[in-house]
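In what follows, a single structure is set out as structure tokens and then discussed.
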Amino acid sequence: MVVVMKQGTQQLEIDKLVAQFQLQGLQVGITHGVDCTILGLVGDTTAIDIDKISINEHIERVMRVSEPYKRANRKFHPEDTVVRIGSAAIGGGSFSVIAGPCSVESGEQIIEVAKDVQASGAAMLRGGAFKPRTSPYSFQGMGAPGLDLLLEAKAATGMPIVTELMSEKYCQLFEDKVDVIQIGARNMQNFDLLKEVGKLSKPILLKRGLSNSYEEWIMSAEYIMSEGNENVILCERGIRTFETYTRNTLDVSAIPAIKRMSHLPVIVDPSHSAGMYWMVEPLALAAVAAGADGLLIEVHNDPPHAKCDGQQSLTPEHFGRLMGRVSALVDLVGKTLVK
Ligand code: PEP
Ligand code: MN
């Protein structure tokens, strides 16, 4: 349920109302918008009589929210959420690019790629240390030592680091070392993991599952937010369809749809969507044009010899050319490219 307060209502009156709802066993999220304050009520609101509470002179209107997602719902929070990571920002008109290799392979590799992508305008560095691979015989990532190499690249460039967490047992390690914690497509509905990262203070980059609906995806964000972590970035990374030419099918419709359903920022990963390096640029441009708040792009200094996802990785030169075009389009759609 959403309670919209009248413009200019005193904080004291808002506090009184919040206390009243809390006494009824409800959790209350408060959003102070430009025009008004909104109270988002979570819990069993069936006993609330809308006509009765509407008598309160400070209440503008009351609406029931039929969707199962509440905290992530745009009705609870009409303005875009802006997730801030150091000097970078995603959402609300700020556009950031996250770039780097699929996996961290060595100190030289990650530092070289970090410097290259930064020079081309990336705001954050990505690189997997713990890799979710389809085969147990494939390279599984460097593990915890990979996180330290990411920290070396951060020290060399100042770029915040984004990397995937697969297991609850590393939550504290990630909380201590990582700037943005990625939850991969395969773990989008690992509800225990979602609850644990909901208790952390770091922003969560939540990828869409391979075959998940918009509502299922937003419900996963709701799991994280219900534990207190409101800084969730949604990432469309392509879904399974009947088409086999591409690795996945980029669902461009997800961008406007999710932005209508939710206030959370939406970024796009054209690399895992396409699975082919030459398709990354057109898909990245389509994402910007459709309203994405950022991009996540795989870049490798030597794609033919990459330990993971070389076929879809851009060279630093190619990434530089892409950034020139992305930057022009970001301007055109009225957003600011954060570097
Ligand atoms: C990745 O970002 O390297 C990755 C494994 O992505 P996804 O979870 O989208 O497959
Ligand atoms: Mn990858």
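The values are calculated or read from the model by the stated rules, or taken from the named source; none is laboratory data. Since we're looking at a predicted model, the values are computed, not measured. So basically every Cβ, Gly included, is an ideal-geometry build from the backbone, and we count neighbours across all protein chains shown. What goes into the accessible areas is simple: the full protein's heavy atoms, side chains included, and nothing from ligands, DNA or RNA. Shrake-Rupley method; radii C 1.70, N 1.55, O 1.52, S 1.80 Å.
Rounded, prolate or oblate: pick one for the range 83-338, where a ≥ b ≥ c are the square roots of the eigenvalues of its C-alpha gyration tensor, a/c under 1.5 means rounded, and failing that, prolate if a/b is larger than b/c, else oblate.
It comes out rounded by the Cα gyration axes.
No other cysteine beta carbon under 4.7 Å away is the test; run it over the chain and list who passes.
CYS36, CYS171, CYS235
Mind putting a number on the dipole of the chain about its Cα centre? Charges go on the C-beta only, +1 for Lys and Arg and -1 for Asp and Glu, and I need it in Debye to the nearest 20.
Around 260 debye, computed over the chain.
For the chain, set up a GNM with springs between Cα atoms under 10 Å and report which of VAL232, VAL65, VAL266 has the largest fluctuation.
Among VAL232, VAL65, VAL266, the largest mean-square fluctuation in the Gaussian network model of the chain belongs to VAL65.
Can you give me the C-alpha center-to-center distance between the range 105-165 and the range 1-70, rounded to a whole angstrom?
Distance between centres, Cα-based: 44 Å.
For THR246 and GLU108, what is the calculated FRET efficiency with R₀ set at 22 Å and r taken between the beta-carbons, to the nearest 0.05?
It comes to 0.10.
For LEU149, what charge total do you get from the other residues with a beta carbon under 12 Å from its beta carbon, if Lys and Arg give +1 and Asp and Glu give -1?
-3
Sort out for me the Cα centre separation of the range 194-244 from the range 261-320, rounded to whole Å.
Centre-to-centre distance over Cα atoms comes out at 19 Å.
Past 29 Å, Cα to Cα: identify those pairs from LYS70/LYS177; LYS75/LYS207; LYS131/LYS335; LYS16/LYS335; LYS16/LYS207; LYS195/LYS307, in the order given.
Too far apart for the 29 Å limit: LYS70/LYS177; LYS131/LYS335; LYS16/LYS335; LYS16/LYS207; LYS195/LYS307.
If ligands, DNA and RNA are left out, what is the accessible area of THR336 with a 1.4 Å probe, given in Å² to the nearest 10?
For THR336, solvent-accessible area is about 80 Å².
I need the calculated FRET efficiency for the pair SER201 and ARG260, taking r as the beta carbon distance and R₀ as 25 Å, to the nearest 0.05.
0.30
Taking all protein chains as present, what is the carbon and sulfur share of the accessible area of the range 83-338, in % to the nearest whole number, probe 1.4 Å?
With neighbouring chains kept in place, the figure for the range 83-338 is 51 percent.
Give the range of the longest stretch in the chain that excludes all GluC sites (Glu not before Pro) found in loop regions by DSSP and having at most 16 other beta-carbon atoms within 10 Å.
80-226
Taking the Cβ-Cβ separation of LEU12 and LYS52 as r and a Förster radius of 25 Å, what is the calculated FRET efficiency to the nearest 0.05?
Once rounded, the FRET efficiency stands at 0.70.
Rolling a 1.4 Å sphere over the protein heavy atoms, what is the accessible area per residue of the range 133-185, to the nearest Å²?
Accessible area per residue, the range 133-185: 44 Å².
If you rank TRP217, TRP278 by how much accessible surface each has, with a 1.4 Å probe, what is the order from largest down?
Putting TRP217, TRP278 in descending order of accessible area: TRP278, TRP217.
If I build a Gaussian network model for the chain, linking alpha-carbon pairs within less than 10 angstrom, which residue out of LEU150, LEU26, LEU165 has the largest mean-square fluctuation?
Answer for the Gaussian network model of the chain: LEU26.
Taking a ≥ b ≥ c as the square roots of the eigenvalues of the Cα gyration tensor of the range 194-270, is the shape rounded (a/c under 1.5), prolate (a/b larger than b/c) or oblate?
Prolate, since a/c reaches 1.5 and a/b exceeds b/c.
I want to make sure I understand the PRE zone here: with the label point 7 angstrom from the Cα of ARG186 toward its beta carbon, which residues in the range 119-135 have backbone N atoms less than 19 Å away?
127-135
Under a point-charge model restricted to the Cβ atoms of Lys and Arg (+1) and Asp and Glu (-1), what is the dipole moment magnitude of the range 23-139 relative to its Cα centre, in debye to the nearest 20?
Once rounded to the nearest 20, the dipole reads 280 debye.
Between GLN118, GLN189, GLN140, where does the largest GNM mean-square fluctuation fall for the chain, given springs only between Cα atoms within less than 10 Å?
GLN140
For LYS70, what accessible surface area do you get with a 1.4 Å probe? Give it in Å², rounded to 10.
The value for LYS70 is about 40 Å².
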